[in-house]
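First the structure, in the form of structure tokens, and then the observations on it.
The values are calculated or read from the model by the stated rules, or taken from the named source; none is laboratory data. Just so it is clear, the structure is predicted and the values come from calculations on it, not from any experiment. Counting neighbours? That spans all protein chains shown, and the Cβs are built from the backbone with ideal geometry, glycine included.
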Amino acid sequence: MTDIFIAPIKNRHKNRHPIEESHMHILSSFSRNPHGLTFQAQKKDESIILFLRPHYLTNLPWVLLGIFLFFFPLIITQILPMLGIDFFSSNIVAHFITTYAVFYYLIVFSYILINFLTWFYNIFIVTADRIIDIRYSDIVIHNVSETNLHHIEDVRYSQSGVIPTLFNYGNLYAQTAGTTENFEARSIPKPKEATDVIASLIGDE
Amino acid sequence: MNFSFFQPIFLIKIITLIVIAFYIIFTFVVFTQIKAMGEIIGIPHASALFKTISVINIVLAISLFLFAIVIL
């Protein structure tokens, strides 16, 4: 039978999501249609619609601990003489103090670097075709998961607690069909907006 | 017979050098991971910046090891 009407096939790849573009800088945690961002196995015509990583505020615990660890030796050198402990005049301590002080600050630096990298490389990307979840933890573990948008059955978000509500961040969950791994983006900024974008993309599929 | 090897200060020196050596290995692991993550996700300027920082970390760790051998 001859077709009376053939609907034109939409080219999804060329159509960027109809949301405004935002400038992405190196520390962005929420970026729409980011420029300059690429990922491994990205198709030639695959555009990135949403770039997410945890909210800046999630870094607060390690930043505070890092500051404390930085000043800790200075505090100790002030407190010990007040308590009448003459620790640093010992021959053995004097012999090792420089090496240990430098080593201590290298370890503090590494602690800060690892925590920063853990935040920096925990990324959730939404493209016109799929979502990609890059997880990075404990410096030796990195896990990259991806699924096509048509495998996603449900997308929702949760915001619980005073601080997440106040600073507008929360968790985003993307439930996939069958036994495929579910996706979760933790502590992302503007979770409602991100959920709406993914929901509209699923609707477009 | 020289028993200097059994002196506590010598043992502390050896332990310190071993710990710093492990730290050097760790800095190489950090560098490898940064390189791997740079291949997985290309964020403008990030990969080069982090590689530089991790190389500085490696250089500092090796310098500390050599410094410890000389000074301890």
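Report whether or not B:Ile40 is closer than 27 Å to A:Ala41 by Cα and hydrophobic (A, V, I, L, M, F, W, C). Here the answer is yes, as B:Ile40 does meet what is asked. Right, B:Ala46: crowded, with 16+ Cβ neighbours inside 10 Å, at the interface with another protein chain (Cβ under 10 Å from one of its Cβ atoms) and farther than 30 Å from A:Asn91 by Cα or not? Yes.
Across the range B:51-72, the qualifying residues are those that are at pLDDT below 95 and facing chain A (nearest Cβ under 7 Å), and the one among them that is surrounded by the fewest Cβ atoms within 10 Å (Cβ to Cβ) is B:Ile71. If only one of A:Ser200, A:Ser187, A:Ser160 is farther than 30 Å from A:Phe71 by Cβ and outside any helix (DSSP H, G or I), which one is it? Residue meeting the stated conditions: A:Ser160. Total residues in the range B:13-38 satisfying the condition of being facing another protein chain (nearest Cβ under 8 Å) and over 18 Å from the mean Cα position of the chain (by Cα): the figure is 2.
The numbered conditions (1) within 25 Å of A:Thr118 (Cα to Cα); (2) surrounded by fewer than 14 Cβ atoms within 10 Å (Cβ to Cβ) are all true for A:Ala185 except (2). Among the residues of the range A:86-133, those identified as closer than 30 Å to A:Ile49 by Cβ, among the hydrophobic types (A, V, I, L, M, F, W, C) and in contact (Cβ under 8 Å) with a residue 40 or more places away in the chain are A:Phe116, A:Trp119, A:Phe120, A:Ile123, A:Phe124, A:Ile125, A:Val126, A:Ala128, A:Ile131, A:Ile132.
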